[in-house]
Amino acid sequence: MAIASRNPASGETLQKFDALSDREIEEKLARAVTGFAQHRRTTFAARSAAMRRAADLLEKEQEALARTITLEMGKPIRAAREEIVKCAGGCRFYAAQAEEQLAPQEIMTEAHRSYVRFDPIGPVLAIMPWNFPFWQVFRFAAPALMAGNVGLLKHAANVPQCALAIEDLFSRAGFGEGVFQTLLIEAEQTAAVIDDPRVKAVSLTGSERAGAEVASRAARQIKKSVLELGGSDPFIVMPSADLNNAATTGVKSRTVNAGQSCIAAKRFIIAEEIYGRYVEQFVAKMKALKVGDPLNEKTDLGPLATEKIRDDLHEQVQKTIDAGAKLLLGGRSIDGPGFFYGPTVLVDVPLDSPAAREEVFGPVATFFRVRDAKEAIALANDTSFGLGANAWTTDAREKELFASELEAGLVFINGMVASDSRLPFGGIKRSGYGRELGAEGIREFVNVKTVVIA
């Protein structure tokens, strides 16, 4: 696949890039090793100062960086600005918290002194997706760099300008040479980087297939990996819920980033008693969305990131309709340039259809009817994925039931699933393993070292 920026709103190719040669990759790996030898010995105060400068740069250059996001992958400009602000917040969180999160832990034993320390491990390869081209990188990089590691970024092939902008930003913030580098490489070149003994671990956010390939490759080299993969998040609404709020949030969660989000609500599981009213409100709100130019401030829904993503999405919708689902809204590409797909609602979705079994990466909502909370949980858990889950209820018993019984790495009650620097983020089952963010995230790529002094 060519490394190129292509505007998904117009189909226009903006810029092409040559993949790094083997010699250039070798030079970057050597710089990472040298950079780590120096960076790991810097103080938390020095790292924090650089990370805060990175946050300052993000905020100062918010408009230009947001425009780069929008032009490369089609995110509406308002959402792109929000993504940059979120990255700045992540930088400031770890700048303030990393030293405490990685402080040695004293353990009482018979020895004179026993404690656990958390040491950096070296260069970590991050294989990152295009859908949140800054945030996905920063939620890896901020804790990794604060822990004393160095980062190597293999970004998605359609967002090279975002990748280069992030490398430049960390450099200007004051992180030393080799501490954070972008590798503009083809997918087939990635295997050799994973295999290289100088690379100590791998973090991947992406598809289930990519996760399986990377994890197996890393495992053969006995290397740690963290995987954040796909999701088919349930969005459960019970009779006691605030229906208007649940419908408004449901539409937002399903259509954020044009539905191209692993933690977007995808399967709407609605109690029979309120099913008709909820679907009616939901469809009305989907119809009201403004689809168009992502640089327009009033746009709610931009294009899908690539032509293939749009075509694959349409194939899933058509196969689901052929299997017996009823189409209430949308179900087609929007005429004209770019990779736009209309807001879509499917009801009476068969449980063995693509939209029920696969991750649907676009503005397509699927609806299922259940009798009660027990049936809702059974249906929600009937998936190979386990990333996020939403439940809407004011019943205290149901809240506790959903919190304990939903099989997911994140459960949000009466609110939209979202990542937060303060909280661990990740999934179970085929949604991956390991955690990003929070104290758990910064400890994924450290040597948890026991020290006993007799």
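Read-outs throughout are calculated quantities, based only on the coordinates presented, and are distinct from any laboratory measurement. As the structure is a computational prediction, the values presented were derived from the model and not from experiment. Because the Cβ atoms are built from the backbone with ideal geometry, glycine has one as well, and the counts that use them run over all protein chains shown.
The stretch between Asn447 and Gln318 holds 41.5 nm of extra length on full extension. This uses 0.36 nm per residue minus the Cα-Cα distance. If you average the C-alpha positions of the range 144-189 and of the range 239-308 separately, how far apart do those two centres end up, in angstrom? First find each Cα centre; the distance between them is then 33 Å.
Local charge for Lys16 was computed over the other residues whose Cβ lies under 15 Å away, with Lys and Arg +1 and Asp and Glu -1, and equals -3. If you plug the beta carbon distance of Ala2 and Val116 into 1/(1 + (r/R0)^6) with R0 = 56 Å, you get a FRET efficiency near 0.75.
Given a Förster distance of 22 Å, report the FRET efficiency between Ala187 and Gln221 from their Cβ-Cβ distance, rounded to the nearest 0.05. So, using R0 = 22 Å, E works out to roughly 0.75.
Between Arg277 and Lys374, the modelled labels are 2.5 nm apart [label points 7 Å from Cα along Cα→Cβ]. Given the pairs Lys326/Lys374; Lys75/Lys154; Lys28/Lys86; Lys200/Lys429; Lys224/Lys290; Lys86/Lys374, which span a C-alpha to C-alpha distance of over 32 angstrom in this model? Violating the 32 Å Cα-Cα cut-off are Lys224/Lys290; Lys86/Lys374. Specify whether the C-alpha gyration tensor of the range 258-308 places it in the rounded, prolate or oblate class, a ≥ b ≥ c being the square roots of the eigenvalues: rounded for a/c under 1.5, otherwise prolate if a/b is larger than b/c and oblate if not. The shape class here is oblate. Sorted fewest first by neighbouring Cβ atoms within 10 angstrom, Lys223, Lys287 come out as Lys287, Lys223. Once both labels are positioned 7 Å from their Cα atoms along Cα-to-Cβ, the gap between Ala64 and Ile334 label points is 3.0 nm. Here the chain is assigned +1 on the Cβ of each Lys and Arg and -1 on the Cβ of each Asp and Glu. Its dipole about the Cα centre then comes out at about 680 debye.
What is the sum of charges around Glu106, taking Lys and Arg as +1, Asp and Glu as -1, for the other residues whose C-beta is under 15 Å from the C-beta of Glu106? That works out to +1.
Overall, the ratio between the Cα radius of gyration of the range 233-413 and 2.2 N^0.38 Å, rounded to two decimals, is 0.98. Once the chain from Glu440 to Lys298 is taken as fully extended at 0.36 nm per residue, the excess over their C-alpha distance is 47.3 nm. Under 5 Å between amide hydrogens, built in the peptide plane, is the criterion, and for Ser203 it picks out Leu125, Ala126, Ile127, Val226 among residues at least 5 positions away or on other chains. Would you mind calculating the gained length between Asn414 and Asp348 on full extension (0.36 nm times residue separation, minus the Cα-Cα distance), in nm to one decimal? Length difference between fully extended and current span is 21.3 nm.
Treating r as the C-beta distance of Arg78 and Thr109 and R0 as 60 Å, the FRET efficiency rounds to 0.65.
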